[in-house]
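To start, the structure under review is shown below, and the notes come after it.
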Amino acid sequence: MARNWIAAVAMIILAAPGMAIAHTMVKSVSVADGAKLTTAPKEVTVMMGHPVGVGGVSLATAAGKDVPLSWKPSRAVTESFTVPLPKLAPDTYRFSWRTISDDGHVMNGGVSFTVVRPAAR
């Protein structure tokens, strides 16, 4: 019985590094989550911890209205992707993405940001 327990613990320890890699984390996003910007971003760049496939991206206003994007994901795996944004009016936006790791796990992510009118001088 003790051997079975030791074997089970050993298998968990050996599998742990693979589990960490299975869920690739976001290293950085060029627009900080919760940012209040006086100048609308022209693009969003997402840097991942490992190469992934990009399943799709979207941009929506706080009211849930989709903002059309002209960018289409490549079929190639990549550690980063940059999505050009259209001209954005003052509002709150949610930029979302879906990536697929090499083991098939789908990962969703996103950031929200607000474009504000610059203060009058």
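Of note:
- Counted by Cβ distance under 15 Å from Glu79, the other residues give a net charge of 0, where Lys and Arg count +1 and Asp and Glu count -1.
- Sorting 39-51, 63-75, 100-112 by average packing, meaning the other beta carbons within 10 Å per residue, from highest down gives 39-51, 100-112, 63-75.
- For Ala40, net neighbour charge (Lys/Arg +1, Asp/Glu -1) across residues whose Cβ lies under 15 Å away: +3
- Residue-span extension gain [Ala76 to Asp33] - 0.36 nm each, minus C-alpha spacing: 12.8 nm
- Think of a 1.4 Å ball rolled over the protein heavy atoms: the stretch 77-121 then has 61 Å² of accessible area per residue.
The values are calculated or read from the model by the stated rules, or taken from the named source; none is laboratory data. This structure is a prediction, so every number in the text was calculated from the model and none was measured. Because the Cβ atoms are built from the backbone with ideal geometry, glycine has one as well, and the counts that use them run over all protein chains shown. Only protein heavy atoms, including side chains, enter the accessible area calculation; ligands, DNA and RNA are left aside. Shrake-Rupley method; radii C 1.70, N 1.55, O 1.52, S 1.80 Å.
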